[in-house]
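Student: Here it is: the structure, laid out below.
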Amino acid sequence: MATPKSTGALKARIIHRYLGFFLAGIMAMYAISGITLVFRNTDLFKIVEPIEQTVAADLDAEALGRELRIRRLRFEKTEGDLAYFEDGTYNTATGQVSYVSKKLPFVLDKITHLHKATTNDPLYFLNIFFGLSLLFFVISAFWMYLPGGPILRKGLWFTLGGVVLTLIMLFV
């Protein structure tokens, strides 16, 4: 039975529980996309698709990059009419381009895009809601146990360890 003194803790516990159940799917999605984003500079999880197309001739690297929608395209070397760039070639005389596109599978691409949402994305407010929910989880975890009790005291030691680990990861 809840006593009048523990009503706030009981409410925090109930909200914490059901908000946790409600957000379980999105927490799993953020966990998966976060792991995927760690490997974004590699080809892990990516599908390689060869592409051949013809564009205008005599384009410089910047113009070719705009045409192909490849950021920071740079020619690595040029031999005659053939210009080489990362993962492809461009014939400056004919405009023939041959390169490989590396993209995440559809679902992974969608969840990583949601993970990296900015205010330009229509659903960015969901990221704000999720962030605030996680902040509530942090605060309510301390509110759910009796002040001075053994569980809270032990939890504070674990919290200190987590804060120290976070500081080490930020500054090392």
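Student: Scan the stretch 50-67 for residues that are under 29 Å from the mean Cα position of the chain (by Cα) and within 11 Å of Ser98 (Cα to Cα) and jot them down.
Tutor: Correct list: Pro50, Ile51.
Student: Still on this structure, I have one more. Going by what's in this entry, would Ala93 be described as in a loop (DSSP other than H, G, I, E, B), free of Cβ contacts under 8 Å to residues at least 40 places away in the same chain and surrounded by 15 or more Cβ atoms within 10 Å (Cβ to Cβ)?
Tutor: Details: in a loop (DSSP other than H, G, I, E, B): yes; free of Cβ contacts under 8 Å to residues at least 40 places away in the same chain: yes; surrounded by 15 or more Cβ atoms within 10 Å (Cβ to Cβ): no.
In short, no.
Student: Pull up the stretch 105-144, narrow it to residues that are assigned to a helix (DSSP H, G or I), modelled with pLDDT under 90 and in contact with a helix residue (DSSP H, G or I) (Cβ under 6 Å, 6 or more places away or on another chain), then point me to the one that is surrounded by the most Cβ atoms within 10 Å (Cβ to Cβ).
Tutor: Across the stretch 105-144, the extreme among qualifying residues is Ser140.
Student: Also: Select from the stretch 111-168 the residues that are charged (D, E, K, R) and within 25 Å of Arg17 (Cα to Cα) and list them in ascending order.
Tutor: Initial filter on the stretch 111-168 (charged (D, E, K, R)): 116, 121, 153-154.
Hits for the stretch 111-168 are Arg153, Lys154.
Student: Okay, moving on. Any residue at all in the stretch 126-137 that's farther than 18 Å from Leu37 by Cβ, in contact with a His (Cβ under 7 Å, 6 or more places away or on another chain), in the same structural domain as Gly20 (by TED's automatic domain parsing) and among the aromatic types (Phe, Trp, Tyr)?
Tutor: So far as the stretch 126-137 goes, yes, one or more of its residues are farther than 18 Å from Leu37 by Cβ, in contact with a His (Cβ under 7 Å, 6 or more places away or on another chain), in the same structural domain as Gly20 (by TED's automatic domain parsing) and among the aromatic types (Phe, Trp, Tyr).
Student: Would you be able to tell me the number of residues in the stretch 26-61 that are surrounded by 13 or more Cβ atoms within 10 Å (Cβ to Cβ) and out of contact with any Ser or Thr (no Cβ under 8 Å at 6 or more places or on another chain)?
Tutor: Count: 9.
Student: Considering every residue within the stretch 54-66, establish whether at least one is within 26 Å of Ala117 (Cβ to Cβ) and either at pLDDT 95 or above or hydrophobic (A, V, I, L, M, F, W, C) (or both).
Tutor: So in the stretch 54-66, the residues within 26 Å of Ala117 (Cβ to Cβ) come out as 65-66.
This time we only want the ones that are either at pLDDT 95 or above or hydrophobic (A, V, I, L, M, F, W, C) (or both), so: 65-66.
Yes; the residues of the stretch 54-66 include at least one that is within 26 Å of Ala117 (Cβ to Cβ) and either at pLDDT 95 or above or hydrophobic (A, V, I, L, M, F, W, C) (or both).
Student: Let me ask something else. Would you confirm whether or not the stretch 157-170 contains a residue that is aromatic (Phe, Trp, Tyr) and either over 27 Å from Ile47 (Cα atoms) or touching an Asp or Glu at 6+ places or on another chain (Cβ under 9 Å) (or both)?
Tutor: Let us first name the residues in the stretch 157-170 that are aromatic (Phe, Trp, Tyr), namely 157-158.
If we keep only those that are either over 27 Å from Ile47 (Cα atoms) or touching an Asp or Glu at 6+ places or on another chain (Cβ under 9 Å) (or both) as well, we get 157-158.
Yes; the residues of the stretch 157-170 include at least one that is aromatic (Phe, Trp, Tyr) and either over 27 Å from Ile47 (Cα atoms) or touching an Asp or Glu at 6+ places or on another chain (Cβ under 9 Å) (or both).
Student: Looking only at the stretch 92-120, count how many residues are farther than 25 Å from Leu64 by Cα, more than 14 Å from the chain's Cα centre (by Cα) and not hydroxyl-bearing (Ser, Thr, Tyr).
Tutor: Summing the residues that are farther than 25 Å from Leu64 by Cα, more than 14 Å from the chain's Cα centre (by Cα) and not hydroxyl-bearing (Ser, Thr, Tyr) in the stretch 92-120 gives 3.
Student: Quick one: what pairs do we get from the stretch 111-124, first residue farther than 19 Å from Ile32 by Cβ, second at pLDDT 90 or above and assigned to a loop (DSSP other than H, G, I, E, B), C-beta under 6 Å, 6+ apart or different chains?
Tutor: Once the first residue is farther than 19 Å from Ile32 by Cβ and sits in the stretch 111-124, its partners that are at pLDDT 90 or above and assigned to a loop (DSSP other than H, G, I, E, B) give Tyr124/Ala117.
The values are calculated or read from the model by the stated rules, or taken from the named source; none is laboratory data. Predicted model, so just to flag it, every value in this text is computed and none were measured. Note that each Cβ is placed from the backbone with ideal geometry, even for glycine, and that neighbours are counted across all protein chains shown.
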